[in-house]
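Participant: I have a structure here, written as structure tokens, and I will follow up with some questions on it.
The values are calculated or read from the model by the stated rules, or taken from the named source; none is laboratory data. Owing to the predicted nature of the structure, the values given are computational and were not obtained by experimental measurement. As a convention, Cβ positions derive from the backbone with ideal geometry for all residues, glycine included, and neighbour counts pool all protein chains shown.
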Amino acid sequence: MKRDLLELDYVAPPRRPVWLGLLLLVIALGTSADLALRFIDARSELLRTTAAQGLLNTERRTAKPIPASRLDEQVKAAEAIVRQLTLPWASLIETLESTSATDVAVLQIQPETQQGTVRISAEARNSDAMWQYLMSLSATSTLNNVHLLSHQVQLDDPTKPLQFSVQAAFRIAP
């Protein structure tokens, strides 16, 4: 068996110039940067156009008209709120504070603005303190027609206080 001769060529083939590859790389990077900037500009323009079209959209739904009965209810509710806000709270609370007694504790104040009355729930140590408080409320210039609505002794409390409710008409000062 005879082997073929192996020929070795130690001379390298001529190389292509490097500057041509670098030139192609620079052109590709420049083109991709330009395309990226164009894409960003196009996307922002699309967003601006979409937003402007949304603002100028003439195909908006028109609001459904509110029925007259519902509108009347809303007007009455608004009037009730206005009456509640225009209640002379300062003078009412000042009157209750000026008539306060050590034996009576006011628990609740419920104004009825439509009727011009106020309901006061309170507790007294005894019936004498309750009557004295009612008399001092009647003597004020802010409240008139002071009436005792209900009273009862709280048997479950060890001091057995007298819980009562009073109704009075209030005067709105000009």
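Participant: For segment 72-120: of the residues being β-branched (Val, Ile, Thr) and touching a Pro at 6+ places or on another chain (Cβ under 8 Å), which is farthest from Ser136 (Cα to Cα)? Break it down into steps so the answer makes sense when it comes.
Facilitator: Quick first cut of segment 72-120, residues β-branched (Val, Ile, Thr) only: 75, 81-82, 86, 93, 95, 99, 102, 104, 106, 109, 113, 117-118, 120.
Pick out the ones that are also touching a Pro at 6+ places or on another chain (Cβ under 8 Å) and you get 117-118.
Details: Thr117: 17, Val118: 16 Å.
Within segment 72-120, the match that is farthest from Ser136 (Cα to Cα) is Thr117.
Participant: Further question: Across segment 154-168, what is the total count of residues that are exposed (fewer than 12 other Cβ atoms within 10 Å of the Cβ) and either in contact with an Asp or Glu (Cβ under 7 Å, 6 or more places away or on another chain) or not polar (S, T, N, Q) (or both)?
Facilitator: Step one: list which residues in segment 154-168 are exposed (fewer than 12 other Cβ atoms within 10 Å of the Cβ), which gives 155-160.
Filter once more, keeping what is either in contact with an Asp or Glu (Cβ under 7 Å, 6 or more places away or on another chain) or not polar (S, T, N, Q) (or both): 155-158, 160.
Within segment 154-168, residues that are exposed (fewer than 12 other Cβ atoms within 10 Å of the Cβ) and either in contact with an Asp or Glu (Cβ under 7 Å, 6 or more places away or on another chain) or not polar (S, T, N, Q) (or both) number 5.
Participant: Further, regarding this structure: Evaluate the following for Ala124: is it small (Gly, Ala, Ser) and in contact with a Leu (Cβ under 6 Å, 6 or more places away or on another chain)? Quick ask: steps written out before the conclusion?
Facilitator: Numbers: small (Gly, Ala, Ser): yes; in contact with a Leu (Cβ under 6 Å, 6 or more places away or on another chain): yes.
For Ala124, the condition - small (Gly, Ala, Ser) and in contact with a Leu (Cβ under 6 Å, 6 or more places away or on another chain) - is met.
Participant: Something else: What is the residue count in segment 110-153 for residues that are among the small types (Gly, Ala, Ser), under 34 Å from the mean Cα position of the chain (by Cα) and outside any strand (DSSP E or B)?
Facilitator: 1
Participant: Contact list please: Cβ distance under 8 Å, first residue in segment 71-84 and within 22 Å of Arg171 (Cα to Cα) and among the charged types (D, E, K, R), second residue surrounded by 11 or more Cβ atoms within 10 Å (Cβ to Cβ) and modelled with pLDDT under 85, pairs at least six apart or on different chains.
Facilitator: Partner pairs satisfying both residue conditions: Arg83/Thr113.
Participant: Where residues in segment 48-65 are of a type in the set (A, V, I, L, M, F, W, C) and loosely packed, with under 10 Cβ neighbours inside 10 Å, which of them is modelled with the lowest pLDDT? Walk me through it before giving the result.
Facilitator: Looking only at segment 48-65, we keep the residues that are of a type in the set (A, V, I, L, M, F, W, C), and these are 51-52, 55-56, 63.
The next check asks that each one be loosely packed, with under 10 Cβ neighbours inside 10 Å; those that pass are 55-56, 63.
Numbers: Leu55: 77, Leu56: 75, Ala63: 72.
Here the answer is Ala63.
Participant: Considering only segment 127-162, state which residues are more than 13 Å from Ala105 (Cβ to Cβ) and among the polar types (S, T, N, Q). I'd like the intermediate steps shown before the answer.
Facilitator: First, the residues of segment 127-162 that are more than 13 Å from Ala105 (Cβ to Cβ): 127-128, 131-132, 134-153, 155-156, 158, 160.
If the condition is that a residue be more than 13 Å from Ala105 (Cβ to Cβ) and among the polar types (S, T, N, Q), then Ser127, Gln132, Ser136, Ser138, Thr140, Ser141, Thr142, Asn144, Asn145, Ser150, Gln152 are the ones that fit.
Participant: Scan segment 87-109 and tell me whether some residue there is loosely packed, with under 11 Cβ neighbours inside 10 Å, assigned to a strand (DSSP E or B), within 38 Å of the chain's Cα centre (by Cα) and polar (S, T, N, Q).
Facilitator: Yes: one or more hits.
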